[in-house]
Amino acid sequence: PHDGRRLVLPLSARTAGALRGQATALARHLERRPELRLDDVAHSLRTDRPALRHRLTVTAATREEALDALRSATPATPPLADDPARVAFLLPGGGTQYPGMGKDLYRDQAVYRDTVDECARILRPVLGADLRTALFEERRPDDTSAFLGLVVTEYALARTLMESGVRSDALIGHSLGEYTAACLAGVIDLADMLPLVTERIRLISSAGGATVGVAAPAERIRPLLDAGLSLAAVNGPTACTVAGHLDAVTRFEADLTRLGIPFRRLRIPVAAHSHVLDPVLPAYETHLRQVTLHPPRIPYVTNVTGTWVTDAQATSVRHWLAHTRDTVRFADGITALWDRLHPVLVEIGPGDTLTKLAAGRLTGRTPVTVTTMRHAKAEASDGFVLAEALGRLWSAGVDRALPPV
């Protein structure tokens, strides 16, 4: 037996039929040779056969798991095109985090652990505490620590994937996630980004307010907004958020109920991307002017315009103030990303919120999407989800994604 790690077994062939035949043949081989080590099999599959257009992978920690997976294996991605696969990292915003996220990765993945440790070191003087305590030990961390934990988790997960050979050709973040994207793109140094985000979170929290997600087109919602409400985000054809002071949001929810429009109050007790933040923007501008901003080394799409950020925008304090105050144009951003690159969409953070929004926006265009970290309520381990993600990326044509054996 091997050491119990989750292993990715890659298979490829010239045709779909030959690929199914390979999976069946490998299952029979493992049945007939129970003495074979699974890691030796995984190694042979990487080195003894060329990688062809039709691909699938199975993830297993034991011979029995491998047999079950091979018997039911079907390709999760279409055959590879002639052009090299492009990759885009999608970085979610506040609300996707949960207590203990990434705990298994911190234990088992050296790059992830080292990156989280470095972030905790940077944040200790800012927080007056160790972020790892809030991230991995507290059941209900305060809002500042919870949101910072999400940024750190995304950054560490991205670094882990990059060290595994998965390099992003482009990035898009959602609200807070754009700071992680900008850091990965080289716009903001990590040592500057984390303290800056801390102040942003504190200022937004101090402003108060509430945010509600609405399952309706923005065009239907705009006429319902009065001076006490702002359209905070347009996430998809029938997905947007509205923010404002608590009393205004409560009245708005009553209007939605009367009209039969589905909605859900977001857990975050803030009104980001709204007029509620106007009083705190001068203080945030002071913090922004203490940070050095650089042109991006990796292209990314900004929420402010819903298209590719320019060097002038990425290095402008006014742009970053607008990013905090103005509507998140995520739906437009996904369209811009897809139209230029047709990339594999890789969610860097908990769950699949952004890849689902992207698929809803790109109806009929069947993007390949990849989840890299389990949802809060999922039973699969972090290690299984990450191994599955790397296998899916290889199947989609990212040849360097296969983890070493």
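The values are calculated or read from the model by the stated rules, or taken from the named source; none is laboratory data. Values in this document were obtained by computation on a predicted structure and should not be read as measured data. When we count neighbours, we look across all protein chains shown, and the Cβ atoms used for this are built from the backbone with ideal geometry, even at glycine.
Looking at the range 1-50, which of its residues are at pLDDT below 90 and of a type outside the set (Asp, Glu)?
Pro1, His2, Gly4, Arg5, Arg6, Thr47, Arg49, Pro50
Scoring Leu45 on the criteria (1) within 16 Å of Leu402 (Cβ to Cβ); (2) touching a helix residue (DSSP H, G or I) at 6+ places or on another chain (Cβ under 7 Å) leaves a single failure, condition (2).
If you take the residues of the range 382-404 that are of a type in the set (Asp, Glu) and closer than 25 Å to Lys103 by Cα, which of them is surrounded by the most Cβ atoms within 10 Å (Cβ to Cβ)?
Once the filter is applied, the top-ranked residue is Asp382.
For residues that are in a loop (DSSP other than H, G, I, E, B) and among the charged types (D, E, K, R), scanning just the range 265-297, find the one that is surrounded by the most Cβ atoms within 10 Å (Cβ to Cβ).
Arg267
Looking only at the range 172-210, residues that are crowded, with 21+ Cβ neighbours inside 10 Å and over 21 Å from the mean Cα position of the chain (by Cα) come to 3 in all. In the set (1) touching a helix residue (DSSP H, G or I) at 6+ places or on another chain (Cβ under 7 Å); (2) of a type outside the set (Ser, Thr, Tyr); (3) surrounded by fewer than 22 Cβ atoms within 10 Å (Cβ to Cβ), Asp142 fails one condition alone, (1).
Could you name every one of the helices (runs of 4 or more DSSP H) located completely within the range 89-141 that has at least 2 residues being of a type in the set (Gly, Ala, Ser)? I'd like the intermediate steps shown before the answer.
On the way: elements: 103-108, 110-127, 131-136.
Counting at least 2 such residues, we get 110-127.
For residues that are closer than 16 Å to Pro195 by Cβ and surrounded by fewer than 22 Cβ atoms within 10 Å (Cβ to Cβ), tally how many sit in the range 119-133.
Residues of the range 119-133 closer than 16 Å to Pro195 by Cβ: 119-131.
Adding the requirement that they be surrounded by fewer than 22 Cβ atoms within 10 Å (Cβ to Cβ) leaves 120-122, 124-130.
So the answer is 10.
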